[in-house]
Structures are given as structure tokens and as C-alpha cells.
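Notes for the one structure printed next.
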Amino acid sequence: RIGTAALAVQVVGSNWPKPHYTLLVTGLCRFQILQLLKEKPYPVAEVEQLDRLEQFTNQHKSEEELGELSEQFYKYAVQLVEMLDMSVPAVAKLRRLLDNLPREALPDILTSIIRTSNQEKLQILDAVRLEERFKMTIPLLVRQIEGLKLLQKTRKPKQDDDKRVVAIRPNRRINHIPSTTEDEEEEEDHDDVVMLEKKIRTSSMSEQALKVCLKEIKRLKKMPQSMPEYALTRNYLELMVELPWNKSTKDRLEIRAARILLDNDHYAMEKLKKRVLEYLAVRQLKNNLKGPILCFVGPPGVGKTSVGRSIAKTLGREFHRIALGGVCDQSDIRGHRRTYVGSMPGRIINGLKTVGVNNPVFLLDEVDKLGKSLQGDPAAALLEVLDPEQNHSFTDHYLNVAFDLSQVLFIATANTTATIPPALLDRMEVIQVPGYTQEEKIEIAHRHLIPKQLEQHGLTPQQIQIPQVTTLDIITRYTREAGVRSLDRKLGAICRAVAVKVAEGQHKETKPDRAEVGEGEDCKEHVTEDAKTESISDTADLALPPEMPILIDFHALKDILGPPMYEMEVSERLSQPGVAIGLAWTPLGGEIMFVEASRMDGEGQLTLTGQLGDVMKESAHLAISWLRSNAKRYQLTNASGSFDLLDNTDIHLHFPAGAVTKDGPSAGVTIVTCLASLFSGRLVCSDVAMTGEITLRGLVLPVGGIKDKVLAAHRAGLKRIIIPLRNEKDLEEIAVNVRQDLTFVMASCLDEVLNAAFDGGFAVKPRVERLNSKL
Ligand code: ADP
């Protein structure tokens, strides 16, 4: 019965294609129909104005009475409007209207603006008394405010803005809780961003980093999620939060405990352990990290990595290994700039994120295998990381803020110092870790490797027994290495083979047990079935369960590992003249190297094969020149009996294992010996190995890697070793038992070398002397 009088301000529309009109009206007042005068063609009625009129007359009274109510209403209205985005013109206008319009008009206006159902709107229109209208509108306002609050809490600003504009449009509900999945995701994301911001603020990152992060999070809030940069920025911020800016473990260093731990974890390697303890002791006394960076250099499998791990353990620090082999891009160390798609931090920062503390032990593995490419030199990036003067503000390209690396303990490992860039080498203290002797390997195998392998394969010492002779057999016949890695693998293979037997044995033992327990007929049936299949398969070892412990003797070894790969005997290779054994040093440890020579009719040419470097070729030329000049003295002749060794003769020198590049001067003496044997027709002693650089005058100069070379000769079962006299001091480093097994000949000139290399010496012929005296 109550309606609203309105003034039509504008009519827009057309009849085509369908009648469609929009009517713009201004509401005037409420009225009540007193009497309907006519209904057609349009209704005409007698009406009575209800609202405005009444208030004009009773303005004073109503204001007094409703003062509180209207004030309350006004406050809510202001609160609501202020929650909207003021930059939208309509909102700003609305805010002004709130102050300019008479309070009585506000309920009607606001009801039309906020989200209400038509029903609610009609109720407000029906409410004639102002007091009633205020009372009915306030809950609607409150509801809208709550709805907006909820939205603001869960939405990102950008999308929020749209919603807010929508919110002031009539006819749409705002109070419903968003329920579509998309909305839920948005909400979650927004929550995450808020959480992220909280984490950033509470994290202990540096001031500079905090500033950058806050800037980024501001950007993130404004970014639509669909933008690729959104994910990038978020990943970045998450990394920043995760980095251990201020988190560290407490060092618990006690030298005595460290010594025990190192001794327990590693057998032998006394020199290395001693140096490591010194290093740790200095650190304990002087709580300053600006010491040198240790670099363990040695063949693979000698325990460099595992000592690094032990150091971390003694210090109570986290351990992280960074493999640098093959890294040829400096972004690997220093990260990519964030502008690249797929950019990520470098390995150092990644490592810190992984360990979660800022003072771990970082093992930079294989620094000698750093590559170089167009993408910059990773060694140069490492310089910054390792320099104690610079690394307190290491800047990863991805982070773009400085991170303090000064608490990190760096240890490097390498196989050789030759390929480490000099600037990098300069920052490190090199500790040589030589290969092991056979005795050391046996001890390492029995103290460390075998127990470890047994545990890994679920075996116990009661099930398998590997006597020391067997270990020695594995070491000498199945492996030829400086370290113990291959030995470890072979032991693993043995354990696997034994595990199969043990499991089969258990299978047989447990089946009847279960039947005894009486778990039912099924079980028994299985047993008989099993027995049947076994008798059918009729393999001898299946029929007889192995006796425990399974003893690994040489026959078992042959079964498991196949025929021996290396023979101790090298003598058969020396069954004809023109062969000698040299000692070579490689990054993988020492090795014995055969040198073969043959001669044939020709024009005095020298052919060298076996991938030799320039230095090696020069050694060969030197050797031939020296022998030619001394041919008469030693009665060396070519095939036709002439002292001119190259007369009508070609010489071919070959260094077997032709696929491996060889270089270095230390083969000089071996080449001389080999050629002397060829031209004299005498055999070189089969148990002699030698090393040394030669000069044109026949002197023997010192060479490097003596310890590794001696160990290699010992491994190969050789007995006598010829080394340069000036290398005598290097023998002190060699274990006594190895020294006892070998005879060393110190040579200062080639005469001495030849004398030692041939049975009965290689004496200068007296006839030559007589001839000389005649002159
Ligand atoms: P590297 O880093 O020198 O190549 P690793 O540290 O990886 O060698 O060592 C290979 C394996 O040999 C490890 O399982 C290690 O425990 C073992 N190992 C090497 N040397 C010893 C030793 N002296 N005592 C005990 N175990 C050793």
C-alpha cells in the first residue's frame, strides 16, 4: 500500500529490436494510497504524502529523539564509504554527499547503494517512521562493512579495487562469502603473501636485504598472479626468507675429541690428519676464520671427501658438498640475474639454503676440474668466495644483496694442482694426500670398508668371513688404484653375492619353522612345493644350504669377481730386449709404464707412438742423442754392427696404453734404458722400475710424485727402483714396510742407472778405454 513518488528525469531506449527502455527517476517521498480512482489506461489514485512532510513539520523533535540513532548511522555510513577506494570518483562524491545531505535522506540513499536484496529494499521503503528506518538500515550497513572487511583481508588490492566498485553498485550482493574455487585460490594466495610479509619482517636478514624484500613484496601485492614475474618474485622472496642470515650452529671444538674422531674414521693418512688437527687447534685458540683454505690434493678414493666430512663432524657443523667438476659457467657459482627466465641462485647460496645455517663446512670438490667457457670463468667467481677479505659481502647475482660468507669453512679437494688456476691455488694451502700401500689398504678394508659394506647389505660377521689374504688378493689382482674406491666396490660385489646365499639359506630355514608354529595347512603345502621346485632346479648350491660363516677364499673370489684382472708378474713382458718399466705420475696416482722399442732397416728416423706430449718427445730425442754419443763407450751397435746407431736404422718407441696422453720429463731414464737394451741385446731386469729426467750430458735430474710412483711399483710387485739421487729425501715419506720391500738405487748419472737396470751391470767396455788411451 505504500509507494514512492518519483520524478522521471530521463527516458532512454528504443522499440527495436525489442522494446527496451531505461528510466532515470528521482525519488521524492513515500506516499500511501487512500483511494484508487481509476485503473485504466493507467492507475489514478488519491494519495497521502507520508515522510518528508512529517519531518519538515517536526524537525526539531525528530532530531533530538533520533540524534543518537542518526549519529550512529552516520558513523557507520562514513566507515563504509571510507573502506572503499577513494580514487574512484563515484566514491569520493558519495563521501561528500554524506556530509551535505540531510541525515534523514541517508538511510534511503545508502540502502540503494549497498548490497541488499529487493525484499530488504522494499522493507526500508515500507518503513515510514524515520526511527524505524534508521534501525532497519544500521544492520544492513554493519553487514556490508563486515563483508568488506572480509574481502580486504582475503583479496589482493588490485582485484579488491574492482570488487569495491562493484560493491557500490546496487543489485549485487556482497555479503556472500566467495565460494568458487578460483576465489578460494586467490584467498589462499593472498594469505600466503601476507604470511610471507610477516616472515620477512620477522626474519633476521640484513637491513639491505630487508629493504629489498619489502619493496618486492609491495610489488608482489600489486601484481596479478597470472604474470610470470609473480612466481619469480615469490620464489625470490621465499628464498630470501629461507636463507640463514643469522642462524648458525655452535662450534664445539675440542682437539682431543677431534683427534680421536679423525683416528676412528680414518686409518693411516697421518700427515693429513696432523695438518688438519693443527688447523683446528689454531681455530680453537684464535677464534678468527681468516686462515688459509685447506685443499686436499690426491688421487681419487683416498678419503679426501670423507676427511672433509669428519672435520664438519668434529666441529659440530653442517656439511655440504659442492661438486665443481665440469662447471664452466660462472653463474653456477654466482647465480643468474633475476631478469633471466629460469634464473636461480648459485651453488653457494643454494648450499646455504639446503643446510639452513650460515656456518657450515663447504667442501668444494674437484676444484681442478673447473672449466672455462664463454659464460665467464667460474674460478674467478670462486676467488671472491674464498677470499676472507671479500667474502663477508658475497653478492650472488640472483639475490642481488650481499650475504656474509665469512663464517663458512671452505675445504677444497683436487686430483692435481696442475690444472687449478694459479690465483685460486694461491688462496689455498695444499695438502698432498698420497695413495695407500697394500698394507694400509688391507687395514682400511678390515677396519672400515668391510664393516660398512656388511651393514649396507644386512649381513653380520657371523655370516661372512673375508680373511686378510683374500683382501690382499682383491687389492693386487682385481684392483690397481691409489685409493680404495674400487676395492670398496669389489667388497660390495662380494657382499651382494653372499647376501643372495644367506637369503636363500634363511628361506629354507624359516619355512619349516613357520610350519611348526602351525599356521595352517597352506604353509605346509608351500614348503612341499618349494622342495619340489628345488629338486627340479637341481642346482648343487641350492640343495645344500651354505655353512655359516661363508668363507671367501680365492676360489669364491674367482666365482664372484671373475678371473683376476691384473697379474703380479710383470717379468714376462720383459722377455726380450727393448722393454723397460718406467714410473709415471697421473692425477689418479702413480702407475707403472712400459716403454717398448724396436728397430728396423730405414733411414735413421725415430717414430714415437702412444699419445706423447712435447716434453716426452724431447726426452726421447735426448735419450737417442746421448746413446749415439756414447755408443762406442758402451759397445752399442746397430743391426749391421756400426756404432752409428741410426745408420740405415729406424727406431720405433712405443708407450702402451696409447689412448692415454702422457707427458713429462720423468720417462727420460726409462727411454735410455730401453734403447740401451735394444742396442746391446741384453734384457733389462724384470723387477726394476725407474724414473728420472735426463740431460744431454747424461745427468739424472729429480722429478716429482716419488711417493705415488714408489707405491705404484710396490703395488705391481717390483723390487728395485731407480730414482734420481736428489729425490732421496722424498723416500722419508714412504711407509717403512714399503721401503723394506724395495731396494732403492739413487742415481745421479745415466751410467749408474744402466748399471742398476741390467743384471750384472752395464759396464763401460775396457776395449773402448784402450782405444781412448791410444789417442
Ligand atoms: P675422495 O674424495 O678422495 O675421492 P672419498 O673420500 O670419497 O675419496 O673416499 C672413498 C671411500 O673410501 C669412502 O667411503 C671413505 O670412507 C673410504 N676411505 C678412504 N680412505 C680411508 C681411510 N684412510 N680410512 C677409512 N676409510 C677410508
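Round to a whole angstrom and tell me the spacing of the C-alpha centers of the stretch 702-717 and the stretch 472-507. Value for the Cα centre distance between the two parts: 27 Å.
The share of C-alpha pairs in the stretch 1-53 whose separation exceeds 18 Å stands at 51 percent.
Across the cross-link table entries 274/490; 273/709; 75/135, which are compared at the Cα atoms, the separations over 20 Å belong to 274/490; 273/709.
Fully extending the segment from residue 547 to residue 12 would add 182.1 nm, taking 0.36 nm per residue of separation and subtracting the current Cα-Cα distance. Binning all Cα-Cα separations of the stretch 255-432 at 5 Å, short to long from zero, yields these whole-percent fractions: 1, 8, 17, 22, 21, 15, 9, 4, 2, 1, 0.
The Cα trace of the stretch 455-504 gives Rg and Dmax of 11.5, 36 Å, the first to one decimal, the second as a whole number.
What the Cβ-Cβ distance of residue 222 and residue 88 gives, at R0 = 22 Å and to the nearest 0.05, is a FRET efficiency of 0.85.
The share of accessible area on the stretch 255-432 that comes from carbon and sulfur is 51 percent, using a 1.4 angstrom probe. For the stretch 398-457, state which GluC sites (Glu not before Pro) are in a DSSP loop and have at most 16 other beta carbons lying within 10 Å of their beta carbon. In loop regions of the stretch 398-457 (DSSP not H, G, I, E or B), there are no sparsely surrounded GluC sites (Glu not before Pro). Looking at the stretch 294-365, the accessible area is 33 square angstrom per residue; that uses a 1.4 Å probe and ignores ligands, DNA and RNA.
Equivalent ellipsoid of the stretch 84-125: semi-axes from √(5λ) of the C-alpha gyration tensor, largest first, are 21, 14, 5 Å. Remark: relative contact order (the stretch 255-432) = 30 percent; criterion is Cα-Cα distance under 8 angstrom and separation of 6 or more residues. Just how far, in whole angstrom, is the stretch 597-625 from the stretch 427-467 if you go by their alpha carbon centroids? Value for the Cα centre distance between the two parts: 43 Å. With the simple spin-label model, which puts each label point 7 Å out from Cα in the Cβ direction, the residue 281 to residue 235 separation comes to 4.9 nm. For the set 313/372; 441/617; 271/452, the pairs lying more than 27 angstrom apart at their alpha carbons are 313/372; 441/617. Across the stretch 316-418, the relative contact order, built from alpha-carbon pairs under 8 Å that are at least six residues apart, equals 36 percent. Averaged over residues, the count of other Cβ atoms within 10 Å places the peptides 667-677, 348-358 in the sequence 667-677, 348-358, highest first. Could you tell me whether the stretch 355-437 comes out rounded, prolate or oblate from its Cα gyration tensor? Rule is a ≥ b ≥ c as square roots of the eigenvalues, rounded for a/c under 1.5, then prolate if a/b exceeds b/c, otherwise oblate. Oblate.
Here the convex hull built on the C-alpha positions of the stretch 64-151 has a volume of 86 cubic angstrom per residue.
Relative contact order of the stretch 64-151, taken over Cα pairs closer than 8 Å and 6 or more residues apart, is 38 percent.
The values are calculated or read from the model by the stated rules, or taken from the named source; none is laboratory data. Since this is a predicted model, take the numbers as computed values, not measurements. Here the Cβ is made from the backbone with ideal geometry for all residues, glycine too, and neighbour counts use every protein chain on show. Only protein heavy atoms, including side chains, enter the accessible area calculation; ligands, DNA and RNA are left aside. Shrake-Rupley method; radii C 1.70, N 1.55, O 1.52, S 1.80 Å.
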